[in-house]
Amino acid sequence: MSVRLPSLRLNKLLDLFHARQFDQLERHARDLSRRYPAEAVVWQMLGVSYLARQRGHDALPHLEHAARLAPDDASIRDNLGLAHARLGEFAAAERQFEQATRLAPEVVPAWVNRSQNALQGGNAEQAEAHARQALALAPGSAEALLNLGNALADQGRWDEAEASYRQAMLCAPPHWIEAALNLANLFDSLSRFTAAVACLEELARNPAADWRVFNALGRACSMLGDTPAALDHYARAIQLNPLAHAAHSGYLYHLMHDADASAEDIAAAHRRFGAHFASASRSRPRAHGNDRDPERPLRIGFVSADLRRHAVAYFMEPMFEALRQRGLTLVAYSNLAREDEVSARLRNLVDRWHRVDGVSDTRLAEMIRADRIDILVDLSGHTAGNRLPLFAHRPAPVQVTWLGYSGTTGMDCIDYRFVFRLTAPPGRLDDQFSEKLVYLPYAMSFKTEKDAPEVAPLPALSRGHLTFGSLNRPSKINAHTIALWARVLRAVPSAHLLIGAVSEARIGESLLAGFDAEGIDRARISLHPRLPTREYLELHNRIDVLLDTFPYAGGTTSNHALWMGVPTLTLAGRTLPQRLGAGIMGKVGLNDWVAESEDEFVAIARRCAADLPALANLRQSLRARLETSPTLSTAKVADSIALAFRLMWRNRCAGQPPQAIELPA
């Protein structure tokens with residue numbers, strides 16, 4: 001920096017910055033900006049103080065002014081790039097980083113920042129190139145090695161990414177945890193959960209371990225089927241950072257997998273989350289300027305981290321197209337760091353698409369207001385990547401949650417929740433939701449795989465024994481579920497059990513040990529790994545009947561199974577996750593496959609085993625039932641959703657509080 005400001009005054013600003021005394025720094029810098037208005041460094045220090053406080057929107061004008069005063073100062077360009085990147089403005093950030101690295105090509109941090117920005121902007125190849133340039137200047141730069149690992153992982157070059165992370169760990173100072181944390185997350189993404197847990201448990205002993213370590217440890221333990229340990233780790237993450245909403249959401253999501261948690265306890269925990277983040281948002285109520293005409297065309301916003309190859313996209317792809325045909329303007333807010341080919345398809349089905357990963361809740365709320373969204377729909381609930389705290393800012397007049405999560409958000413600021421009437425009969429689950437329920441008479445349409453295999457004949461006819469199966473995540477298979485399935489295997493002594501999606505030996509051994517404890521011969525149980533989509537669908541041709549998990553039933557897997565001719569025997573319970581199977585079986589008229597007790601569950605299994613011809617006939621009819629079911633018409637579902645949006649809006653325009661809505665068939 002080249003300045004005429006007295007060095008003592010500049011040093012005071014720098015001392016305040018390094019001491020993280022940002023309030024004092026900003027007061028001092030504002031005073032100096034009046035005395036030395038032409039000194040770029042004063043404006044720069046004011047901007048970087050805001051950046052350090054995660055207030056990129058406030059930092060931007062000060063850094064822009066500094067850049068006008070000193071257009072050839074590389075450090076200001078670098079800071080300005082960071083401000084744009086924090087706001088999700090990656091193209092604008094790249095322009096600033098390009099100038100910074102051109103003006104001072106020997107400065108390593110600018111190349112590191114440029115690399116990170118390229119990755120966030122979706123250009124992993126460019127991110128790799130910038131990281132390698134940083135390493136050419138400083139081969140031992142841990143941050144450059146970290147960015148290189150991230151760029152390689154984004155390109156699917158897993159082994160190279162792992163090597164880069166390990167090298168970063170060797171070069172890092174003792175309390176720098178980023179490389180080890182990213183290595184653990186890489187293991188998690190590759191379904192190497194045992195390796196992820198080992199890495200995270202070691203990292204947890206580091207004094208610098210923060211909430212993110214325990215949050216990641218919670219997920220990894222859950223994927224190994226250890227729900228109690230997962231809940232403990234999420235609780236520790238919350239203790240370390242009470243405002244880390246991802247840790248709260250992880251805890252709530254896994255609480256619904258706990259067979260010992262009551263419906264009342266689960267609902268109360270969700271409401272505590274809602275109250276906590278309503279208070280933490282400190283957002284003052286603001287009037288919305290939306291036109292209150294109750295019959296005008298509506299603008300609907302959708303917030304999701306799952307607009308990619310994901311179960312949510314299977315449902316929303318036909319729905320986006322159908323809703324748009326009904327005169328609704330659709331705007332998507334995609335909270336994805338990296339999008340895929342499904343994202344590209346979905347982008348073409350909406351009127352406007354924003355990438356909002358890295359955009360603060362405050363900034364995103366302003367974007368939504370600027371888009372004049374009438375009804376804002378959360379598609380994530382408490383699943384990964386959600387933006388629930390955003391809704392506490394009330395960016396839209398009406399707010400709704402739907403689809404991605406089988407429970408309440410717990411937030412009073414979210415007005416409505418869509419449910420399928422067969423899954424949640426009116427009045428049965430209302431007390432478990434902070435939202436008012438909107439009862440759909442039709443099930444959500446489900447986009448099937450175009451190249452799905454044909455339905456094979458019933459395997460039991462050629463094998464001489466029934467094969468039960470489970471293709472749910474093994475983390476849903478707890479001791480309670482194993483005990484119930486063991487009762488089925490004892491009731492049908494010739495039957496076998498096929499369990500899929502077993503990603504590693506530790507998970508398989510844990511499952512087999514559970515059946516050992518129930519006295520079931522291991523020879524009756526076969527384990528299969530997680531498979532690519534077509535092979536996973538072909539696996540259904542080796543299964544006669546799926547057994548559902550409890551207390552968290554299958555969703556996407558049960559829909560796929562119906563398409564492949566395999567019914568699911570499910571146990572209905574008191575919560576929405578416990579009733580997912582009931583809704584899925586009910587939509588194709590298979591209410592007699594829904595048990596209300598464990599004894600009935602076993603009795604249904606025994607009954608189907610005793611009548612293989614009937615089961616064979618059912619198998620060959622299920623795909624046609626899905627195609628012709630009156631509850632599964634995309635057009636009818638879209639009509640119901642559009643009508644619900646209209647009723648919500650009319651209610652809002654009339655000044656009435658949200659109320660439950662039962663939609664006509």
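Based on DSSP H runs of at least 4 residues, each adding -39500 (n - 2.57), what is the mean residue ellipticity at 222 nm of the chain after dividing by all its residues, to the nearest 500 deg cm²/dmol? Mind dumping the intermediate values first?
Numbers: 29 runs with 353 residues, N = 665.
Rounded to the nearest 500, it is -16500 deg cm²/dmol.
Quick one: grab Rg to one decimal and Dmax as a whole number for region 1-104, Cα atoms only, in Å.
My reading of the Cα-based Rg and Dmax gives 12.8, 37 Å.
Mind giving me the nanometre distance, one decimal, between the label points for Leu461 and Leu14, set 7 Å out from Cα along Cα→Cβ?
Placing both labels 7 Å along Cα→Cβ, they lie 8.3 nm apart.
Of Phe22, Phe302, how do they rank once you tally other Cβ atoms within 10 Å and put the fewest first? Write out the running numbers ahead of the final one.
On the way: Phe22 17, Phe302 27.
Ascending number of Cβ neighbours within 10 Å: Phe22, Phe302.
Subtract the Cα-Cα distance of Ser633 and Arg30 from 0.36 nm times their separation in residues, and report this length gain in nm to one decimal.
Details: separation 603, 0.36 × 603 = 217.08 nm, distance 6.18 nm.
Going from the current span to full extension adds 210.9 nm.
Consider all pairwise Cα distances in region 313-367 and report the whole-number % of them above 12 Å.
Working: 998 of 1485 pairs.
Cα-Cα pairs in region 313-367 separated by more than 12 Å: 67 percent.
According to the Cα gyration tensor, what semi-axes, each the square root of 5 times an eigenvalue, does the equivalent ellipsoid of region 383-523 have, listed from largest to smallest in whole Å?
Numbers: eigenvalues 305, 78, 54 Å².
With the √(5λ) rule applied to region 383-523, the semi-axes are 39, 20, 16 Å.
Using the Cα centre of the chain as origin and beta-carbon charges of +1 (Lys, Arg) and -1 (Asp, Glu), tell me which of Leu298, Ala179, Asn559 is placed farthest towards the positive end of the dipole.
My answer, from the dipole projection, is Leu298.
On a 0 to 90° scale, report how tilted helix 505-517 is relative to the longest principal axis of the chain, with both axes built from alpha carbons and the result rounded to the nearest 10.
40 degrees
Note the angle between two axes, namely the Cα long axis of helix 124-137 and the longest principal axis of the Cα atoms of the chain, as a number of degrees from 0 to 90, rounded to the nearest 10.
Long axis of 124-137 versus the principal axis of the chain: about 40 degrees.
Between Ala505 and Arg292, what FRET efficiency comes out of the Förster formula 1/(1 + (r/R0)^6) with R0 = 45 Å and r the beta carbon distance, rounded to 0.05? Write out the running numbers ahead of the final one.
Numbers: r = 61 Å, r/R0 = 1.35.
According to the calculation, E is roughly 0.15.
Which residues among region 476-504 fall inside the zone where the amide N is under 13 Å from a point 7 Å beyond the Cα of Leu612, along Cα→Cβ?
Counting only backbone N, you get 494-496.
Given H placed on each backbone N at 1.01 Å, which residues far from Thr467 in sequence or on other chains put an amide H within less than 5 Å of it?
HN-HN under 5 Å from Thr467: Ala460, His496, Asp544, Val545.
So what's Rg/Rh here for region 155-267, counting alpha carbon atoms and using the Kirkwood radius for Rh? Show your work: numbers first, answer last.
On the way: Rg = 14.9 Å, Rh = 14.6 Å.
The Rg/Rh ratio comes out at 1.02.
May I have the pair-distance distribution P(r) for region 590-657, computed from all Cα-Cα distances with 5 Å bins from 0 and rounded to whole percent?
Going from the shortest bin to the longest, the percentages are 3, 13, 13, 13, 11, 11, 9, 10, 7, 5, 3, 1.
When Lys and Arg each count +1 and Asp and Glu each count -1, what net charge do the other residues less than 14 Å away from Ser191, Cβ to Cβ, add up to? Before the final figure, lay out the partial values.
Working: positive: Arg192, Arg219, Arg473, Arg506, Arg530; negative: Asp188, Glu504.
In short, +3.
Enter the Cα centre distance for the pair region 311-341 and region 9-24, rounded to the nearest angstrom.
When both Cα centres are located, 47 Å separates them.
Sort all Cα-Cα distances of region 459-628 into consecutive 10 angstrom bins from zero, then give the percent of pairs in each bin up to the one containing the longest distance.
Percent of Cα pairs in each bin: 10, 43, 39, 7, 0.
Near the amide H of Trp353, under 5 Å away, which other amide H atoms are found, from residues 5 or more places off or on another chain, if H is placed in the peptide plane?
Sorted by chain and number, the residues that satisfy this are Ala332.
How many times 2.2 N^0.38 Å is the alpha carbon radius of gyration of region 339-412?
Cα-based Rg divided by the globular estimate yields 1.12.
Report D for region 36-191 in µm² per second (integer): Stokes-Einstein, Kirkwood Rh on Cα pairs, 10 °C, 1.306 mPa s. Show your work: numbers first, answer last.
Details: Rh = 16.0 Å.
Using the Kirkwood radius from Cα pairs, D works out to 99 µm²/s.
How many angstrom lie between the Cα centre of region 591-665 and the Cα centre of region 224-256?
When both Cα centres are located, 32 Å separates them.
With all pairs of different alpha carbon atoms counted, what Kirkwood hydrodynamic radius in Å does the chain show? Walk me through the numbers on the way to the answer.
On the way: mean 1/r = 0.0368 Å⁻¹.
One decimal place: 27.2 Å for the Kirkwood radius.
Taking the 0 to 90 degree range and rounding to the nearest ten, how far is the long axis of helix 90-103 tilted relative to the main principal axis of the chain, both from C-alpha atoms?
The angle comes out near 40 degrees.
Could you pull out every one of the lysines with an alpha carbon less than 28 Å from that of Lys636, ignoring same-chain neighbours closer than 8 positions?
Lys436, Lys447, Lys450, Lys587
What is the magnitude of the charge dipole of the chain about its Cα centre, with +1 placed on the Cβ of each Lys and Arg, -1 on the Cβ of each Asp and Glu, and no other charges, expressed in debye to the nearest 20? Spell out each step's value before the answer.
On the way: 75 positive and 74 negative charges, 291 e Å.
My answer is approximately 1400 debye.
Can you give the log10 of the normalised intensity I(q)/I(0) at q = 0.10, 0.12 Å⁻¹, computed with Debye over equal Cα scatterers of region 551-665?
Each listed q corresponds, in turn, to -0.41, -0.56.
Starting from the Kirkwood Rh over alpha-carbon pairs, what translational D in µm² s⁻¹ does region 476-544 have by Stokes-Einstein at 10 °C and 1.306 mPa s? Write down the numbers at each step before the final one.
Numbers: Rh = 12.7 Å.
Here the translational diffusion coefficient equals 125 µm²/s.
May I ask for the distance between the Cα centers of region 74-124 and region 399-473, given as a whole number of Å?
Between the Cα centre of region 74-124 and that of region 399-473, the gap is 44 Å.
All of the numbers you see were taken from the coordinates with simple rules; none came from a lab. From a predicted model like this one, the values you see are computed outputs, not experimental measurements. All Cβ positions, even for glycine, are placed from backbone atoms using ideal geometry, and neighbour counts span all protein chains on display.
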